[in-house]
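J.: For reference, the structure I am asking about is given below.
Where a number appears in this text, it was derived from the coordinates with a stated rule and is not lab data. What you see is a predicted model; the values in this text were computed from it and never measured. Every residue, glycine as well, gets a Cβ built from its backbone with ideal geometry; the counts of neighbours run over all protein chains shown.
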Amino acid sequence: MKNRYFLAATLWVVLFSIMSCESTPAITDELIGVWRTQGLDHRGAFFELKKDQISFGTPDGEVFHHAITKVDREKERDKAWILYTVYYLNESSQTCEFPFYFQPSGQGTILLKNKPSEIWSKDQP
């Protein structure tokens, strides 16, 4: 009987340890790169995704780099688009969200969740 309680307690400790561990933020290889649009609102701007960093470039040449803290990925059944939400720390160490839809066919296409009419394409090496 004592062994059962000990085993149950050990399993609970292991379970809570696993649940409390944070996963390492990860951007998939197909998303890594520099993304640009010809849309009027963002012409000349870009964003770059790396495994653990997101950078935003302005048309004026400024570039802002941010550490990624988390990446969520949601794929709805029978849909070609995948919703990604990249969480990153801004200059004030506050968590910000960058949600976008990704369509992996061909070279890949990104649509920003708040501006789905603009098509973003990855720079080709």
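J.: Would you pull out the residues with amide H under 5 Å of Gly39's amide H, same chain only if 5 or more places away, H placed 1.01 Å from N?
T.: So Gly39 has HN proximity to Ile119.
J.: Next up: Among 68-74, 119-125, how do they line up by average Cβ neighbours within 10 Å per residue, starting with the highest?
T.: Going by the mean number of other Cβ atoms within 10 Å, highest first, we get 68-74, 119-125.
J.: Same structure again: Through the Karplus equation 6.51 cos²θ - 1.76 cosθ + 1.60, θ set to phi - 60°, convert the phi angles of the range 116-125 into ³J(HN,Hα) values in whole Hz; use x for Gly and Pro.
T.: x, 7, 9, 9, 10, 10, 7, 4, 9, x
J.: Now for a different question. Modelled label-to-label distance, Ser93 and Asp78, 7 Å Cα→beta-carbon offset: nm?
T.: 4.8
J.: Over the alpha carbons of the range 24-122, what is the largest minus smallest coordinate on each principal axis, giving the biggest first in Å?
T.: 39, 34, 22
J.: Ranking request for peptides 78-86, 31-39: highest mean number of other beta-carbon atoms within 10 Å first, then the rest in descending order.
T.: Top of the packing list down: 31-39, 78-86.
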